[in-house]
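Q: Mind having a look at this structure? Questions to follow.
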Amino acid sequence: MNFYPEFEVVRNDSRCIRCRVCERQCANEVHWFDADGKVMLSDESKCVNCQRCVTLCPTRALKIVKSDCRLRENANYSDQTIKEIYRQAETGGVLLSSMGNPNPLPVYWDKILINASQVTNPPIDPLREPMETRVFLGKKPDHITRNPDGSLDTTLSPQLSLSMPVMFSAMSYGSISYNAHASLARAATELGICYNTGEGGLHEDFYKYGKNTIVQVASGRFGVHKDYLEAGAAIEIKMGQGAKPGIGGHLPGTKAVGDVAKTRMIPEGSDAISPAPHHDIYSIEDLRQLVYSLKEATEYRLPVIVKVAAVHNIAAIASGIARSGADIIAIDGFRGGTGAAPTRIRDNVGIPIELALAAVDQRLRDEGIRNNVSIICGGSVRSAADVVKAIALGADACYIATAACLAMGCHLCRSCHTGKCNWGIATQRPDLVKRLNPDIGSQRLVNLMTAWRHEIKELMGGMGINSIESLRGNRLMLRGVGLTEKELQILGISHAGE
Amino acid sequence: MELNVSTLGFSEVNEQMRQTADQEITLNGCIGQRFLAAGTSGKYVKINGIAGNALGAYLNGTVIETSGNAQDAVGDTMNAGEIIVHGNIGDAAGYAMRGGKIFVQGNAGYRAGIHMKAYKEKVPVMVIGGRTGSFLAEYQAGGIIIVLGLTESGKPIVSNFPCTGMHGGKLYLRSDCEGIHFPHQVHKRKATAEDLAEIRSFVEEFCEHFGGSADEILNAEFTVVMPDSGNPYKQMYVAN
């Protein structure tokens, strides 16, 4: 069924100089030049509103607007809902979407406010006083042990050292481009943090960034071998992802080309399928087995992270993981991004990270096992303020991916699954990949993180806190606004005014 | 190096194997220690007794030979080397195996060869002398799995649901596979002389390890199963 396009291309003909940049830049082939009439024409039905043409038009002759040609208004059956039904009626297909859940579900970060010192407890100025943002992720000892000669036993479980409590979250080589991975790897190295390979293996060019790399092992085990495991600073077992809890990954064959296929070790053009479960993990005991097989293979030198999606029973699951031998738990909330996920799963499965994080931190404290593991919080951490709130709710560090993509040029058009990313990020087409210059991409990521680090210091200083460690789990620094008793109870915070 | 491991835990055994410069290692009295020789390369490890779960996980070139059975996840994600089991093995053998060879004299449990993969000349091979449990070659993405059905069990060569989600690689079953149900996205046919020529060297290796004649083994009806297309799920989705 044909329906009127979602977006309209508005071209100001008096400004258009027929340079045809828009035509060359649009991988969706929206624009073309009509030589007879000497005008630029467009097929809006192909437009995904990625803003590439708008941004590059030298005379600002273009804008993309939401079409006002809508179906009859209906608060129950929205335009989107109806068109999804049309699409499925036409194809019989499962709806596939990209990036995080766009629906207006509660964002608890925005209902939490941060404290500051006034009069009785002086704030600290980060411009003149040292502020510690370094964190170490891994098991921490519960008590002091001494050697037979009385000296302190200083052996520690392996730790991941980060200059600030933010890392770039898993995005596989395949779902994103070589240049995007290069940008992330270089920025992480310069910043003294880590990026994450995702489940597609590690391109041989990037082994040199290993000290700032987390290598992921997912159910498809793509690109997993001894050298890969040893290349990184930590190993992450991916059990689940916030955008699609309970299902596996699926890289379409169109993206499994060239070095992507080689790195994953699958034939070119073949779909890369990660099964929903790890087929050797049906229990915490089985998880423990994978954790220890990885530790044995790498001689106990690297911390092992277990990444799970935030789901209803997350506190109990995290308790199990904390007893599995894992060093770090990464929890991914339901607004986390993805390169492709079934729409219904992305938009309806999982729980908000804020509630999951608070519940997990509390549960591990109650059970006396909080020091067994560090906690990483991911799934739509959008700003330094979100980071500070996450730390105060109990996280040791945060994962960001959507924000990192935005820094590299993403315009959040949510079309990654098409493989035609005009910004050179979520694509494998060489002509598109080269649009992302890793020199610029990495610099922009460094800029973003540097800015956040300053903001984190200012927010901490305002609270009179000079070390991130003193902020972790410090929920007295948070207050809720417009939250119910139950929400406040789960978050473990008081209402503003209390 | 010869080591009695009957009172040692897996981490001690692996640590001692890492420490020795000896290439040949014999472990006696093995009683189900896990992760033996995980990630190792360049050694020959003879295991007397029963090897525990994840024997030779991430194996990177070492050759492992066991005198008895091995448990679950033999050769999990192995990259290179060989595992030879003089007995039966448990579930999920060769999970995501990407290189090297596994030879099993007896039977395999559930999900053997799940998500095996291959790239160009790097092709993993698993040869099972007996029969396998359900879900053989599930999600298989590459490599060669050969099941010979040499054990006289009276049961079919593979139990239920073989090849679910298979999207690459090649499965050989020494059977006409009458009555065995395969999913719609795979193609089953009688093996040709060329097909059998492709696996002759692996069957010969099998016979070197466990005895028997490759000619006799190959002089039987084999069924070959391969996926119809590399993109079995493409039609399932519509861009939203």
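Q: Taking the Cα atoms of the stretch B:2-72, report the difference between the largest and smallest coordinate on each principal axis, in whole Å and largest first.
A: Per principal axis, max minus min of the Cα coordinates gives 24, 22, 20 Å.
Q: Let me ask something additional. For the stretch A:135-495, what is the Kirkwood estimate of the hydrodynamic radius, computed as the reciprocal of the mean inverse distance between distinct Cα atoms, to one decimal in Å? Before the final figure, lay out the partial values.
A: Numbers: mean 1/r = 0.0487 Å⁻¹.
Kirkwood hydrodynamic radius for the stretch A:135-495: 20.5 Å.
Q: Still on this structure: For the stretch A:86-155, which semi-axes, largest first and in whole Å, follow from the square roots of 5 times the eigenvalues of its Cα gyration tensor?
A: On the way: eigenvalues 483, 171, 28 Å².
Rounded to whole Å, the semi-axes are 49, 29, 12.
Q: Here are some pairs, A:K238/B:K117; A:K238/B:K188; A:K238/A:K420; A:K139/B:K43; which of them have Cα atoms lying more than 22 Å apart in this structure?
A: On the way: A:K238/B:K117 19 Å; A:K238/B:K188 34 Å; A:K238/A:K420 26 Å; A:K139/B:K43 33 Å.
As for pairs spanning more than 22 Å Cα to Cα, those are A:K238/B:K188; A:K238/A:K420; A:K139/B:K43.
Q: Volume per residue, Å³, of the convex hull around the alpha-carbon atoms of the stretch A:326-435? Spell out each step's value before the answer.
A: Working: hull volume 12.9 nm³, N = 110.
Normalising the Cα hull of the stretch A:326-435 by residue number yields 118 Å³.
Q: Another question, then. If you bin every alpha carbon distance in the stretch A:351-498 into 5 Å steps from zero, what whole percent lands in each bin?
A: Spelled out per bin, shortest first, that is 2, 9, 15, 17, 16, 13, 10, 8, 6, 3, 1, 0.
Q: Hey, what does the equivalent ellipsoid look like for the stretch A:7-93, semi-axes from the Cα gyration tensor as sqrt of 5 times each eigenvalue, largest first, whole Å? Don't skip to the end; give the middle numbers.
A: Numbers: eigenvalues 182, 42, 26 Å².
After diagonalising the Cα gyration tensor, the semi-axes are 30, 15, 11 Å.
Q: Checking a compactness column here: for the protein assembly as shown, what do you get for Rg(Cα) / (2.2 N^0.38 Å), N being the number of residues?
A: Values: Rg = 27.9 Å, N = 738, 2.2 N^0.38 = 27.1 Å.
Ratio of Rg to 2.2 N^0.38 Å for the protein assembly as shown: 1.03.
Q: Given an 8 Å cut-off on Cα distances and at least 6 residues of separation, report the relative contact order of the stretch A:7-93 as a percent. Spell out each step's value before the answer.
A: On the way: 95 pairs, mean separation 28.4, N = 87.
In percent, rounded to a whole number, it is 33.
Q: Follow-up question, since we're still on this one. Give the value in nm², to one decimal: projected area of the alpha carbon convex hull of the stretch B:95-240, averaged over all directions.
A: Numbers: hull surface 36.1 nm².
Dividing the Cα hull surface by four gives the mean projection, 9.0 nm².
Q: While we're looking at this one, here's another question. For a 18 Å ceiling on Cα separation, which of these pairs sit above it: B:K170/B:K190; A:K46/A:K83; A:K66/A:K255? If you can, show how the numbers build up before the last one.
A: On the way: B:K170/B:K190 13 Å; A:K46/A:K83 15 Å; A:K66/A:K255 29 Å.
Violating the 18 Å limit, Cα to Cα: A:K66/A:K255.
Q: Just to confirm my understanding: which cysteines in chain A have no other cysteine beta carbon less than 4.7 Å from their beta carbon?
A: A:C16, A:C19, A:C26, A:C47, A:C57, A:C69, A:C194, A:C377, A:C398, A:C416, A:C421
Q: For A:K208, give me every one of the aspartates and glutamates with a C-alpha distance below 18 angstrom, ignoring sequence neighbours fewer than eight places off in its own chain.
A: Straight-distance partners of A:K208: A:E190, A:D227, A:E230, A:D259, A:D439.
Q: How big is the charge dipole of the stretch A:135-495 about its Cα centre, in debye rounded to the nearest 20, if each Lys and Arg gets +1 on its Cβ and each Asp and Glu gets -1 on its Cβ? Show your work: numbers first, answer last.
A: Working: 38 positive and 34 negative charges, 148 e Å.
With only Lys, Arg, Asp and Glu charged at Cβ, the dipole is about 720 debye.
Q: What is the sum of charges, Lys and Arg at +1 and Asp and Glu at -1, for the other residues whose Cβ falls under 11 Å from the Cβ of A:C194? Present the calculation step by step, with values, prior to reporting the outcome.
A: Details: positive: A:K211; negative: A:E236.
Overall, the nearby charge balance is 0.
Q: What residues in the stretch B:82-124 lose 50 Å² or more of accessible surface when the other protein chains are added to their chain alone (1.4 Å probe)?
A: B:Y95, B:R98, B:R111, B:H115, B:K117, B:Y119
Q: Further question: At a probe of 1.4 Å, how much accessible area disappears from chains B and A on forming the pair, both sides counted, to the nearest 100 Å²? Let's see the in-between values first.
A: Values: alone 11180 and 22730 Å², together 30020 Å².
The buried area between B and A, both sides summed, comes to about 3900 Å².
Q: Give me the percent of the accessible area of chain A that comes from carbon and sulfur atoms, probe 1.4 Å, all protein chains in place.
A: On the way: 10640 of 20850 Å².
Carbon and sulfur: 51 percent of the exposed surface of chain A.
Q: Tell me what chain A gives for mean residue ellipticity at 222 nm when only DSSP H runs of n ≥ 4 count, each as -39,500 (n - 2.57), the sum divided by the residue total, rounded to 500 deg cm²/dmol.
A: Details: 16 runs with 151 residues, N = 498.
One gets -8500 deg cm²/dmol as the mean residue ellipticity at 222 nm.
Q: Over chain B, calculate the relative contact order: mean separation of alpha carbon pairs under 8 Å at least 6 apart, over the residue count, as a percent. Spell out each step's value before the answer.
A: Numbers: 722 pairs, mean separation 24.4, N = 240.
About 10 percent, as a whole number.
Q: Which whole-number percent gives the relative contact order of chain A, counting Cα pairs below 8 Å spaced six or more residues apart?
A: On the way: 1058 pairs, mean separation 95.3, N = 498.
Over chain A, the number comes to 19 percent.
Q: Find which of B:L3, B:S213, B:A57 sits farthest along the positive direction of the dipole of chain B, computed with +1 on the beta-carbon of Lys and Arg, -1 on that of Asp and Glu, about the Cα centre.
A: In chain B, that residue is B:A57.
Q: Can you give me the accessible area per residue for the stretch A:361-497, using a 1.4 Å probe, in Å²?
A: On the way: 5230 Å² over 137 residues.
Spelled out: the 1.4 Å probe surface of the stretch A:361-497, per residue, equals 38 Å².
Q: Also, I was wondering about something else. Given charges of +1 on the Cβ of Lys and Arg and -1 on the Cβ of Asp and Glu, with all other atoms neutral, how large is the dipole of the stretch A:171-296 about its Cα centre, in debye to the nearest 20?
A: Details: 12 positive and 14 negative charges, 38 e Å.
Dipole size: approximately 180 debye.
Q: Can I ask one more? Keeping every protein chain present and rolling a 1.4 Å probe, give me the accessible area per residue for chain B in Å². Don't jump to the answer; show the numbers that get you there.
A: Values: 9180 Å² over 240 residues.
Dividing the accessible area of chain B by its residue count gives 38 Å².
The values are calculated or read from the model by the stated rules, or taken from the named source; none is laboratory data. What you see is a predicted model; the values in this text were computed from it and never measured. Quick reminder, even Gly has a Cβ in these numbers, built from the backbone with ideal geometry, and neighbours come from all protein chains shown. Calculation scope for accessible area: heavy atoms of the full protein, side chains included, ligands and nucleic acids excluded. Shrake-Rupley method; radii C 1.70, N 1.55, O 1.52, S 1.80 Å.
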